[in-house]
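J.: Have a look at this one before I ask anything.
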Amino acid sequence: MIIGLTGGIATGKSESVKHFKALGAHTIDADAISRELTSKGTPVLNELVKSFGSGILRSDGSLNRKKLADIIFSDKKAKFSVEKILHTHIISHISKIISHNANKHNIVIDAPLLFEVGLNKMCDKIVVVWIPSNIQVKRLTLRDKLNADQIKQRIDSQMPIEKKVELADFVIDNSGSKKDLKKSIKDLYKLLTSKQK
């Protein structure tokens, strides 16, 4: 079974993935793949430099992710261009990983833009990690030290969480404690995997 895991920024996806992994699922991290594909000297990074100039690079030639993020979050056209370059490569990479791990019973694809890039089409079930917006803002402020405008830009750049909830097969409410989250995922994983037996 291929499970797509998504949510809004700072809703607790990374913590959720750890629990799925601990329960025996094979996990695929779309963000890690994106970082790998845009590492120093890669064809994808060269494509980004062609589009946005060498100003997005650090002095050592590696990608300055903060600079690229600032461009994406302040310019919708730039965001579309970056996504067009990145997403094709990410989807192709994930497809290869899935085919190489076809013997694994359960694969969890951890992707913040699961719906936006069409990765949901690869999944048997979709799980969305949800928290109320006031908690989301509070967590983002603490975690990323962002101001109100930056927080709004980042939240607005993703599909609204309400829409993701509508499209999900299962929703995990992560407004409680870490212990609550662990239990919710354990219960959900048990439910999903019991259907395979």
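J.: Within the range 97-106, is even one residue touching a strand residue (DSSP E or B) at 6+ places or on another chain (Cβ under 6 Å), modelled with pLDDT of 95 or more and open to solvent by 40 Å² or more (accessible area, probe 1.4 Å)?
T.: no
J.: Among the residues of the range 14-63, which ones are under 20 Å from I107 (Cα atoms), among the aliphatic types (A, V, I, L, M), open to solvent by 30 Å² or more (accessible area, probe 1.4 Å) and not in a helix (DSSP H, G or I)?
T.: Result: L23, single match.
J.: Let me ask something else. May I ask you to list the residues in the range 158-172 that are part of a helix (DSSP H, G or I) and either in contact (Cβ under 8 Å) with a residue 60 or more places away in the chain or surrounded by 13 or more Cβ atoms within 10 Å (Cβ to Cβ) (or both)?
T.: Residues satisfying the conditions are I161, K164, V165, L167.
J.: Here's another thing I want to ask about it. Consider T11 against the criteria (1) touching a helix residue (DSSP H, G or I) at 6+ places or on another chain (Cβ under 6 Å); (2) open to solvent by less than 20 Å² (accessible area, probe 1.4 Å); (3) under 23 Å from Q136 (Cβ atoms): it satisfies all of them except one. Which criterion is unmet?
T.: Of everything listed in (1) touching a helix residue (DSSP H, G or I) at 6+ places or on another chain (Cβ under 6 Å); (2) open to solvent by less than 20 Å² (accessible area, probe 1.4 Å); (3) under 23 Å from Q136 (Cβ atoms), T11 misses just condition (1).
J.: Within the range 173-183, can one find any residue that is over 30 Å from D75 (Cα atoms), in contact with a strand residue (DSSP E or B) (Cβ under 6 Å, 6 or more places away or on another chain), surrounded by 11 or more Cβ atoms within 10 Å (Cβ to Cβ) and touching a residue at least 60 places away in the same chain (Cβ under 8 Å)?
T.: Yes, because at least one residue in the range 173-183 is over 30 Å from D75 (Cα atoms), in contact with a strand residue (DSSP E or B) (Cβ under 6 Å, 6 or more places away or on another chain), surrounded by 11 or more Cβ atoms within 10 Å (Cβ to Cβ) and touching a residue at least 60 places away in the same chain (Cβ under 8 Å).
J.: Please give the helices (runs of 4 or more DSSP H) falling wholly within the range 70-157 in which 2 or more residues are polar (S, T, N, Q), in contact (Cβ under 8 Å) with a residue 40 or more places away in the chain and touching a helix residue (DSSP H, G or I) at 6+ places or on another chain (Cβ under 9 Å). Step through it out loud before you land on a result.
T.: On the way: elements: 76-100, 133-144, 148-156.
Helices (runs of 4 or more DSSP H) meeting the threshold: 148-156.
Residue-wise test of (1) modelled with pLDDT of 90 or more; (2) farther than 28 Å from V165 by Cα.
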| residue | (1), (2) |
| --- | --- |
| M1 | yes, no |
| A30 | yes, no |
| S51 | yes, yes |
| I56 | yes, yes |
| S59 | yes, yes |
| I72 | no, no |
| K76 | no, no |
| I90 | yes, no |
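J.: State which residue pairs qualify: first residue under 16 Å from T88 (Cα atoms) and inside the range 39-66, second residue open to solvent by less than 30 Å² (accessible area, probe 1.4 Å) and not in a helix (DSSP H, G or I) in any location, beta carbons under 7 Å apart, and separation of 6 or more residues or different chains.
T.: Sorted first by the residue in the range 39-66, then by its partner, the pairs are V44/T38; L45/T38; L45/L63; L48/T38.
J.: I need the full set of residues from the range 184-194 which are in contact (Cβ under 8 Å) with a residue 60 or more places away in the chain and open to solvent by 50 Å² or more (accessible area, probe 1.4 Å), in order please.
T.: Listed by number, the list holds a single entry, K186.
J.: Run F80 past the list (1) over 28 Å from S177 (Cβ atoms); (2) of a type outside the set (V, I, T); (3) open to solvent by less than 50 Å² (accessible area, probe 1.4 Å) and report the number of the one that doesn't hold.
T.: Every listed condition holds for F80 apart from (3).
The values are calculated or read from the model by the stated rules, or taken from the named source; none is laboratory data. These figures come from a predicted structure and were not determined experimentally. No Cβ is skipped: glycine too gets one built from the backbone with ideal geometry, and neighbour counts run over all protein chains shown. Heavy atoms of the whole protein, side chains included, go into the accessibility calculation; ligands, DNA and RNA do not. Shrake-Rupley method; radii C 1.70, N 1.55, O 1.52, S 1.80 Å.
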